[in-house]
Amino acid sequence: MGIYRLGDIIRMTRKSLSITQEQLCDGICSVETLSRVENGRQIPGKDVYELLMERLGRSRERAYSMLSISDYCIFEKMKLFSDYIERYDYFRAEKVLNLLKRSLGDSIMDKQFLMRGENIINYRLNRISAEEFLQGLEKSILLTIPQYGKISLSDWPLNYQETVLLLNISSALAQNNRYDKAIAILEEVSNFMRQSYVDEEQKIILQAKILSNLSKWYGLIKKHDKAIEIAMEGINFCKKYNLGNVLPNLLYSIVWNKEQLIRMGKLPLENKTECFKYLRQAYYIAGVMQQKLIQQFLLDHINKYYGSCKLLD
């Protein structure tokens, strides 16, 4: 995600800021030249490109994705860091991040990656509050999207790192009980990713995570039917693309929301049988995916609400 022609970046940024071609190119180049650049028929000169990006309030460096990193070892460390975060192994993730601090440069993208990593680790290890976590992540996204909070993210040419960071920000907002804002960010990012130029493999993985979180946040604002609908969409999505990592969370979301509807008297008690089937599936899928913490969480839920050792029945 985030591999664009320079003209794509200029056009998409201009439109997201509601700036006309005439306003953008005034004193820099002709409208005809800008039009050719945006349509991919002409490559802008270095000076023209930097002046256009400056007027748009963007750094020239922002145009280049982290996937351009030439050092394969650094790229592997970054991937390993992300893998440890996914497994909730924050101590190992911190060790890898410390190695990356000595390896990465001082580019904006490098700084953003390190800021995001430090904030995640410090929050998960209880070194900072939920509010400090959110503030740190928002400070990080402002490095590459100075207009964050003022523009629609649906139209902004996000790269992979920014997209992941926005998912983190959504989670941090939810941690601060700002569910409506958390949902709004996810829906804007999801709208952006439906566009055809997004890398397909990365889009699939991120879209599954977005659906999982959307289901969770809608449930927490008591829109249980909506939460179940989104979770079912996520499950079908995971089945279509053979994804397993997010399935336990999606299955649990259906269970939790159905349980709330049962307690409210909006679903008959018989639905608990279906809930238990979903929990069993989630438990065994988490085992296959080596998600030990999620598996233990599911087991605790089963033992508390459905009876001890039910999985062995």
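Work out the length of the dipole vector of the chain about its Cα centre, built from +1 on the beta-carbon of each Lys and Arg and -1 on the beta-carbon of each Asp and Glu, and round it to the nearest 20 debye. Display every interim value, and only then the final one.
Working: 44 positive and 37 negative charges, 158 e Å.
The calculated dipole for the chain is roughly 760 debye.
Subtract the Cα-Cα distance of Tyr241 and Arg102 from 0.36 nm times their separation in residues, and report this length gain in nm to one decimal. Don't skip to the answer; put the middle values down first.
On the way: separation 139, 0.36 × 139 = 50.04 nm, distance 3.72 nm.
That pair, Tyr241 and Arg102, stretches by 46.3 nm at full extension.
Count Lys and Arg as plus one, Asp and Glu as minus one, and take only other residues whose Cβ is under 14 Å from that of Lys101; the net charge is then +1.
Scaled against 2.2 N^0.38 Å for its residue count N, the alpha carbon radius of gyration of region 224-313 is 1.06.
Taken about its Cα centre, region 105-194 carries a charge dipole of about 140 debye when Lys and Arg each add +1 at the Cβ and Asp and Glu each add -1 at the Cβ.
Projecting the Cα atoms of Ile151, Met289, Ile120 onto the dipole axis of the chain, where Lys and Arg carry +1 and Asp and Glu carry -1 at the beta carbon, places Met289 farthest toward the positive end. Taking the Cα centre of the chain as the origin and placing charges on Cβ (Lys, Arg +1; Asp, Glu -1), which of Tyr305, Ser253, Ser35 is farthest toward the positive end of the dipole? Comparing the listed Cα positions along the dipole, Tyr305 ranks first.
Equivalent-ellipsoid semi-axes (√(5λ), Cα gyration tensor) for region 69-116, whole Å, largest first? Before the final figure, lay out each step's value.
Numbers: eigenvalues 62, 27, 16 Å².
After diagonalising the Cα gyration tensor, the semi-axes are 18, 12, 9 Å.
What whole-number value in cubic angstrom gives the convex hull volume per residue for the C-alpha atoms of region 6-63?
Numbers: hull volume 3.9 nm³, N = 58.
Taking only Cα atoms, region 6-63 has a hull volume of 68 Å³ per residue.
For the chain, the longest principal axis of the alpha carbon atoms and the long axis of helix 6-16 meet at an angle near 70°. Within the shell defined by Cβ-Cβ distances under 12 Å, the residues around Glu233 carry a net charge of +2, with Lys and Arg each +1 and Asp and Glu each -1. Using Cα atoms only, what is the angle between the long axis of helix 247-263 and the major principal axis of the chain, expressed in degrees (0 to 90) to the nearest 10? Rounded to the nearest ten degrees, it is 60.
In the chain the Cα-Cα distances spread across 20 Å bins starting at 0 as 28, 53, 17, 2 percent of all pairs. Using a cut-off of 15 Å between beta-carbons, work out the net charge of the residues near Leu247 (Lys and Arg +1, Asp and Glu -1, Leu247 not included). Net charge around Leu247: +4.
How large is the helix-only mean residue ellipticity at 222 nm for the chain, computed as the sum of -39500 (n - 2.57) over DSSP H runs with n ≥ 4, divided by its residue count, in deg cm²/dmol to the nearest 500?
Details: 15 runs with 211 residues, N = 313.
Per the formula, -22000 deg cm²/dmol.
As a rough footprinting exposure proxy, the listed residues Lys181, Lys203 were ranked by other beta carbons within 10 Å of their own, and the order from fewest upward is Lys181, Lys203. Taking the Cα centre of region 6-63 as reference, the dipole from Cβ charges on Lys and Arg (+1) and Asp and Glu (-1) amounts to some 200 debye. Summarising the label geometry, the points placed 7 Å from Cα in the beta-carbon direction at Glu54 and Ser18 lie 2.7 nm from one another.
With kT/(6 pi eta Rh) evaluated at 4 °C and eta = 1.567 mPa s, and Rh the Kirkwood radius from Cα pairs, region 105-194 diffuses with a coefficient of 98 µm²/s according to Stokes-Einstein. Within the listed set Ile141, Ile19, Ile169, the Gaussian network model of the chain (springs between alpha-carbon atoms below 10 Å) gives the highest mean-square fluctuation for Ile19.
Each reported figure results from applying straightforward, stated rules to the coordinates on display, with no laboratory input. Treat the numbers as computed from the prediction; the structure is a model and nothing was measured. So basically every Cβ, Gly included, is an ideal-geometry build from the backbone, and we count neighbours across all protein chains shown.
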